[in-house]
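Right, one structure below, let's go through it.
The values are calculated or read from the model by the stated rules, or taken from the named source; none is laboratory data. What you are looking at is a predicted structure, and each value in this text was computed from that prediction instead of being measured. Glycine also receives a Cβ, built like all others from the backbone with ideal geometry; neighbour counts cover every protein chain displayed. Heavy atoms of the whole protein, side chains included, go into the accessibility calculation; ligands, DNA and RNA do not. Shrake-Rupley method; radii C 1.70, N 1.55, O 1.52, S 1.80 Å.
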Amino acid sequence: MQVRNRRSANWSLEAAAWSPRKASAHVLGRLHEWGYREADETAAALTELLVRTAVADGGRRVSVHLADQDRQALVVALSHRPGLAVADTGVLPELTGLGAVSCGTDTADDGRRVWAVLDL
């Protein structure tokens, strides 16, 4: 995954029950460093759902990627579990219900990627 012409950050975590909350803390901390504090509840809820979804794939680790542009943030979780079937889109209505203005999921050789964009 490549991100250009905007700020970005990423973290690698063990795929464990505690990972969604830890990922949320990382994302909120970085958003605060970047001057965003208005969307804490939405950012936390979206991040936790994204990471829970990646953890459920059963891989050994997950990675979380964050980028911002034009007062929006992109949060991506990658499961790092190769060999998954076609992406499950069941999580998408939940993401929009939590406040994602755009979201998606796909699978690739390196696992499932699930992402959401939120207004800041």
Checklist entry - Any idea what Rg and Dmax come out to for the chain if you just take the C-alpha atoms, in Å? => result 13.1, 39
Next on the checklist: Loop only by DSSP, 14 or fewer other Cβ within 10 Å of the Cβ. Give me the trypsin sites (Lys or Arg not before Pro) in the range 14-120 that pass, ordered by residue number.
Outcome noted: R37, R60, R71
Checklist outcome for this item: Rounded to a whole %, the carbon-and-sulfur portion of the accessible area of the chain at a 1.4 Å probe is 45
Item to check | Approximate shape of the range 1-65 as ellipsoid semi-axes (Cα gyration tensor, √5λ), whole Å, largest first | outcome: 21, 15, 9
Next on the checklist: Suppose only helical runs count, i.e. DSSP H with n ≥ 4. What mean residue ellipticity at 222 nm does that imply for the chain under -39500 (n - 2.57) per run, divided by all residues and rounded to the nearest 500 deg cm²/dmol?
Outcome noted: -10000 deg cm²/dmol
Item to check | Summed side-chain charge close to R21 - residues other than R21 whose Cβ falls under 15 Å, Lys, Arg +1, Asp, Glu -1 | outcome: -2
Checklist entry - Using Cα pairs under 8 angstrom and six or more residues apart, how large is the relative contact order of the range 1-56, in percent? => result 43
Checklist entry - Cβ under 12 Å from A56's Cβ, A56 left aside: what net charge do those residues give with Lys, Arg +1 and Asp, Glu -1? => result +1
Checklist entry - Which GluC sites (Glu not before Pro) in the range 12-119 pass both tests, a DSSP loop state and at most 14 other beta-carbon atoms within 10 Å? => result E38
Item to check | Degrees, to the nearest 10: 19-33 long Cα axis against longest axis of the chain | outcome: 30
Checklist outcome for this item: The size of the Cβ-based charge dipole (Lys, Arg +1; Asp, Glu -1) of the chain about the Cα centre, to the nearest 20 debye, is 340
Checklist entry - For the range 54-115, treating each Cα as an identical point scatterer without solvent, what Debye log10 I(q)/I(0) comes out at q = 0.20, 0.21, 0.24, 0.27 1/Å? => result -0.77, -0.84, -1.02, -1.17
Checklist entry - Across the chain, where is the longest run that never hits chymotrypsin sites (Phe, Trp or Tyr not before Pro) in a DSSP loop with at most 15 other C-beta atoms within 10 Å? => result 35-120
Checklist entry - With every protein chain left in place, what is the accessible area per residue of the chain in square angstrom, probe 1.4 Å? => result 53
Next on the checklist: Below 11 angstrom from the Cβ of D70, what's the summed charge of the other residues (Lys, Arg +1; Asp, Glu -1)?
Outcome noted: 0
Checklist entry - With axes computed from alpha carbons, what is the tilt in degrees of helix 40-55 against the longest principal axis of the chain, rounded to the nearest 10 within 0 to 90? => result 10
Checklist outcome for this item: Full extension between R7 and V101 adds, at 0.36 nm per residue less the Cα distance, a length in nm of 31.9 nm
